[in-house]
Structure formats: structure tokens, C-alpha cells
1. Could you say which residue among Ala99, Ala141 is touching a Gly at 6+ places or on another chain (Cβ under 9 Å), modelled with pLDDT of 95 or more and not hydroxyl-bearing (Ser, Thr, Tyr)?
2. Among the numbered criteria (1) surrounded by fewer than 19 Cβ atoms within 10 Å (Cβ to Cβ); (2) more than 16 Å from the ligand (Cβ to nearest atom); (3) not hydrophobic (A, V, I, L, M, F, W, C); (4) not in a helix (DSSP H, G or I), which one does Lys270 miss?
3. Output yes when any residue across the stretch 333-350 is of a type in the set (Phe, Trp, Tyr) and under 15 Å from the mean Cα position of the chain (by Cα), and no when none is.
4. If Lys287 meets every condition in (1) within 20 Å of Met339 (Cα to Cα); (2) within 16 Å of the ligand (Cβ to nearest atom) apart from one, which number is that one?
5. Please state which one of Ala265, Ala326, Ala330, Ala303 is among the small types (Gly, Ala, Ser), in a helix (DSSP H, G or I) and within 30 Å of Asp226 (Cα to Cα).
6. For Ala262, work out the one condition from (1) crowded, with 19+ Cβ neighbours inside 10 Å; (2) out of contact with any helix residue (DSSP H, G or I) (no Cβ under 9 Å at 6 or more places or on another chain) it doesn't fulfil.
7. Output the residues belonging to the stretch 149-176 that are over 19 Å from the mean Cα position of the chain (by Cα) and surrounded by 14 or more Cβ atoms within 10 Å (Cβ to Cβ).
8. So which of Ala185, Ala166, Ala189 is within 27 Å of Ser135 (Cα to Cα), in a strand (DSSP E or B) and more than 15 Å from the ligand (Cβ to nearest atom)?
Amino acid sequence: MKKTRTRAFPVLLLTIAFFVGIAYFVFNLVIHSAEWASMPTNWHLSDNEGIELAGSVLDRNGVVLAYTENGQRLYNEDYSTRCACLPVVGDSTVNNSTAIQTVYRSDLSGYNFIFGLGLPEQYKSGRNITLTIDSKVQKAAYEALGYNKGAAVLYNYKTGETLCLASTPTYDPMNVPEDIETNDAYDGAYINRALSAAYPPGSTFKIVTAAAALQYKSDIDSFEYDCNGYDELGGKPVTCYEPNGHVNLKEAMKTSCNIFFANVAVDVGKKHMTEQAEKMGFNGSYKWDGINIGKSSYDVSKASVNELGWSGVGQYKVLETPINMAVISAAVASGGTPMKPMFVKNISGQFGVPSADKKSEKAKQMMSGDIADRISEMMRACVEESYGEWVFGTNLKICAKTGTAEVSSSGEDAHGWVTGYSMDDEYPYAFAVIVEHGNSGYRAAIPVAAAMLQAAVESDKN
Ligand SMILES: [Zn+2]
């Protein structure tokens, strides 16, 4: 009897191990199968087996941006449209981790959970993906960025639909440059800067500091400052480009007085500055429409008094993605709570079966409605009384804030920023533009925003 038990025990163990193994395999199959089917090594858009079946990528107006013909992945026939849309669509590799052809590859290749990719040819079919992107707006932003490196975002703050996510440098997916890995002109061409790159925000961050002041600094409405262009905070300098004279909050926003906002940041303090920044998208991880967004960061835990001051004007170690900047403007436009940006409007069923359009949803509240209205007034004054309405080249009522962000200790030209939105109900666009080393938000970034806004209005009319 004892002998039988000794023999039966290993058999029992083996049996248990067998079932545990099966359960583990099934679990992984369910969780990871779509991912495995579309791994780079199993990339059915770039090899010939299965590429006939890959679906198309279209813009919001039905313009075909990528498709498969005779076993080849092809892109829009217009060279500029191809280059402009590459950062969003991607090429036939998975080099760009945020591109639609990377993130949505199992949909494009027609992955089906029951049959995987192993269906007989006649039953296989990829899905078509219609983007929220407007290729005309994308092209206008790409052309306005020109040879500069940078990014331009425009999205509808009422629906969350993103019309433009331009990023330069880019390249032609039908004719990938041979020196793409070695030539500095293509530096970062595999990322979409609008989503993945974080830059010092400079004066555009004054929107965040103003929100923090209105929330946490009870005497902000009586707080005034005489700016002669130079002051010291914590024994070290804070400076303005020019003396801004006697300013209150609204005047300081309009004249972009650094010293005013540096003092405000110090008065608000590390804890509340950090709380407000985190409400407005900093220090968090976001995934919108299946796409991972780069991290915007505000960390003053080790900052001196002087550094805390500089953080209030978007310098020190503050970093922000262009898309987050556009979402902050959308929040100001929408009474404090923005819509989450979306990039994909529709994914068709297999075999051309139509499916319902996707809808976006609200993100978390960034500021109260009262604070949003106050900041809106200030951003409107920036355009009406400082930049000039004409600079945006449309009939839209624009609210905006520019920024010129020093690039720490590199001796290179500063980055130029602008962010803002249209108050027009018919064209509810929020936007953000960065031109790397553009040296001035006003001169370098506003013209790109203007080109993008004009193209969006024009395209919407047609
Ligand atoms: Zn000043």
C-alpha cells in the first residue's frame, strides 16, 4: 500500500503541473494573442504574406493615407501629404511607437480572436481605420513648420477630435532616406513630437501659475508689482526681457512679466504649485485612444526659492508635451474640464461591415469654471491688446499665450511656443505649437498656428 502511494504521488504532481500549464497557456493566449499576432517579428503589413489583407488608413474626409495594393503597402500620392501624415500614420515598420499602423496593427491586419490570423484566404479581411485627423490641416502645419524641428496640435475642444498632430522632421514613407539613422536633419524622425516630446514650456506655463494663484493665493487680486526688468529672489536674479512697469495679474499675463509670476509661484509655494500642475496634466501617465502620451513634468521638490520662482515661468526643470499644452487651452475654453483628445474616428468591421463612430469623453477637471473664465479673459487680452488679432489670419476670436523658453545652458536659441483656442462656436479649436530654437513664440510659432487655423476653417467649410 505504501509503495502504491509513493508511485501515485509523482503521477499526481505531474497531472497537476499539466493542468496548471494548460491554464497558464490559455490565460496568456486570451491576454496576449492580439499582441503576439502583431509583434514586429510577425508584422503582416510589411511582409508579403497577409499584406493583401491589411486595411486602409483614411483621414476624416475619406482621403486615403495608407493602403495595400498588389501586395505592397502604399501611401497617399501627394508627397507633402505623405510626409505630413507620416508621424500619425507611421510607415510599414514599427519604428514609431505612437503611429496608428503600430498601435492599431492587429485591427489593420484583421486579427480575429477565434481564428487568429489563420483563417483561409477568402475569409480574411483587415479593418479600415478612419482618423479624426484632417490631412489638409496636417499638411498646412507641416509646410508652415518648414525646415524647423517642432510640432503643431489642433483639436476640437467640444468633441475631442484631433485634426492636426504635425511633427517635424519627417520623411517620405515610400522612399525612406538612406541616411535617416545618421543625418542630424532626421533627428527624432521616428517619434511624433506632438505626443512624445516634452519641452520647457516657458511663458505658456504662466497659465498654470495663474490658475494656482487664483486657486491658492487669496490676495492675488490686490497683488501688484513694479517691474524694472530685474529683481532678486532667494538672493539670485529673476529677469524680464524688458521692464514691464506697474502690473497686476492681468497686465502681467499680457506683458509676460516673469518677475511677477516668479513671485507668485514662491508665494503659492511648492505644495500648491505642484497640486495645480498635477491637476493640469503634469507628472501623470496618460493613454488616449490607445496611444501612450509622453510625460509632462513639474518637480520642485529640490528647488531653491529662486528655482521655484523660475518654475512659475516654465523654466527650471519644467517640461511639457505639445498635446498637454493644447489640452490646457481646451480646459480654459471649456469652463475648466477639457475633452480627452481622440485620434481614431472609426474602425470598420471585417468584410467592410460598417461600425459606429467613436466618441470621446471628458478628462478630469483642471480648474474651476470661474478660474477658467478669468484666464480666458487674460488670454483674450493677450491677443487683442498685445499680439494683434490679425496675426492669426482668420476671423475667429482667438485667445492665446506665447512663450519663449530658454534651453538650459546650451547657448542655443530659445524654443518658441504658442497655445490658445478660438472662442467661435462653429470652430471650437484648441491648439499648441512649438518651434525648436525658433527664438520667439510670437515670430516663430504664431505663423504655424495661423496656417493651421486657416486650413481648419477652410477645410470645415468645404
Ligand atoms: Zn517684468
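The values are calculated or read from the model by the stated rules, or taken from the named source; none is laboratory data. Nothing here was measured: the structure is a model prediction, and the numbers come from that model. We place every Cβ from the backbone using ideal geometry, glycine too, and count neighbours over all the protein chains shown.
1. Details: Ala141 fails: touching a Gly at 6+ places or on another chain (Cβ under 9 Å).
Criteria check complete, one pass: Ala99.
2. Every listed condition holds for Lys270 apart from (4).
3. Here is the first cut: in the stretch 333-350, the ones of a type in the set (Phe, Trp, Tyr) are 343.
Add one more test, that the residue is under 15 Å from the mean Cα position of the chain (by Cα), and what stays is 343.
Yes, the stretch 333-350 has at least one match.
4. (2)
5. Working: Ala326 fails: within 30 Å of Asp226 (Cα to Cα); Ala330 fails: within 30 Å of Asp226 (Cα to Cα); Ala303 fails: in a helix (DSSP H, G or I).
Being among the small types (Gly, Ala, Ser), in a helix (DSSP H, G or I) and within 30 Å of Asp226 (Cα to Cα) holds for just one of Ala265, Ala326, Ala330, Ala303, which is Ala265.
6. Exception for Ala262: condition (2).
7. First pass over the stretch 149-176, keeping only residues over 19 Å from the mean Cα position of the chain (by Cα): 171-176.
Matches in the stretch 149-176: Tyr171, Asp172, Pro173, Met174, Val176.
8. Numbers: Ala185 fails: in a strand (DSSP E or B); Ala189 fails: in a strand (DSSP E or B).
Among Ala185, Ala166, Ala189, only Ala166 is within 27 Å of Ser135 (Cα to Cα), in a strand (DSSP E or B) and more than 15 Å from the ligand (Cβ to nearest atom).
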